[in-house]
Amino acid sequence: MSRTRTPAVAGWFIGDGDGFRLLGTRCSSCATVFFPREDVHCRNPYCTGGSLEEVPLSRKGRIWSYTDSRYRPPSPYVSSPELPWEPYALIAVELAAERIVVLGQAAPGVTVADLTVGMEVEVVPGVLHEDAETTWTTWHWRPTGVRA
């Protein structure tokens, strides 16, 4: 039986493989880009507001900062207390074209020992959690040139 692939947060990303992209929104008045997306009003305090259009974000960026998650986060994070905790790297990535920083987990197998500030990374599809029926999908950051 195959699992249904369902985004952990609807409308934040689309595609698969090399076509995978995070989705943001851009204000038509001031050109500010938002991620997570904004669908109601421009959050730029200096903008009088404009319509918000969905835009795919850059696939590549540079590491702005990173850290190690060595503890099991509290609910609503989904993890089985019966399984051993596996630390993961959390990466803040600067997208130069959009002038924003986007947070996300490193791809499986990538640790803080593999990362440096300024390193180029790319967004790739990831899995947040799986249960009997569903694979809950998300995004990960992976150093460019590394294949899983």
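Structure values in brief
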{"read-out": "Residue within segment 128-137 that is surrounded by 16 or more Cβ atoms within 10 Å (Cβ to Cβ) and under 18 Å from G24 (Cα atoms) present", "value": "yes"}
{"read-out": "Long-range neighbours under 6 Å by Cβ, at least six apart or interchain, first residue small (G, A, S) within segment 35-60, second open to solvent by 40 Å² or more (accessible area, probe 1.4 Å)", "value": "G49/H41; G50/S28; G50/S29; S51/S28; S58/A97"}
{"read-out": "Within segment 84-110, considering residues that are outside any strand (DSSP E or B) and open to solvent by 70 Å² or more (accessible area, probe 1.4 Å), the one farthest from L23 (Cα to Cα)", "value": "P84"}
{"read-out": "Complete set of residues in segment 98-119 that are more than 15 Å from the chain's Cα centre (by Cα) and not hydrophobic (A, V, I, L, M, F, W, C)", "value": "R99, G109, T111, D114, T116, G118"}
{"read-out": "Unmet requirement for Y71, which otherwise passes all of (1) among the aromatic types (F, W, Y); (2) closer than 21 Å to T134 by Cβ; (3) modelled with pLDDT under 90", "value": "(2)"}
{"read-out": "Yes/no for V124 being surrounded by fewer than 16 Cβ atoms within 10 Å (Cβ to Cβ), among the β-branched types (V, I, T), under 18 Å from P143 (Cα atoms) and modelled with pLDDT of 95 or more", "value": "no"}
{"read-out": "R3 among the basic types (K, R) and out of contact with any strand residue (DSSP E or B) (no Cβ under 7 Å at 6 or more places or on another chain)", "value": "no"}
{"read-out": "Segment 1-13 residues that are under 23 Å from D39 (Cβ atoms), paired with ones that are open to solvent by 60 Å² or more (accessible area, probe 1.4 Å) (beta carbon under 6 Å, 6 or more apart)", "value": "T6/W136; A8/L128; A8/W136"}
{"read-out": "D16 within 30 Å of G145 (Cβ to Cβ) and open to solvent by 90 Å² or more (accessible area, probe 1.4 Å)", "value": "yes"}
{"read-out": "Segment 41-64 - residue that is under 16 Å from the mean Cα position of the chain (by Cα) and open to solvent by less than 50 Å² (accessible area, probe 1.4 Å) and, of those, nearest to G17 (Cα to Cα)", "value": "R59"}
{"read-out": "Residues of segment 18-59 that turn out to be under 17 Å from V93 (Cα atoms), charged (D, E, K, R) and part of a loop (DSSP other than H, G, I, E, B), as a count", "value": "2"}
{"read-out": "Neighbours by Cβ (under 9 Å, 6+ apart or cross-chain): first from segment 125-142, small (G, A, S); second open to solvent by 50 Å² or more (accessible area, probe 1.4 Å)", "value": "G126/P108; A132/M1; A132/R3"}
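The values are calculated or read from the model by the stated rules, or taken from the named source; none is laboratory data. All of these numbers come straight from a predicted model, not from anything done at the bench. No Cβ is skipped: glycine too gets one built from the backbone with ideal geometry, and neighbour counts run over all protein chains shown. Accessible surface areas use protein heavy atoms only, side chains included; no ligands, DNA or RNA. Shrake-Rupley method; radii C 1.70, N 1.55, O 1.52, S 1.80 Å.
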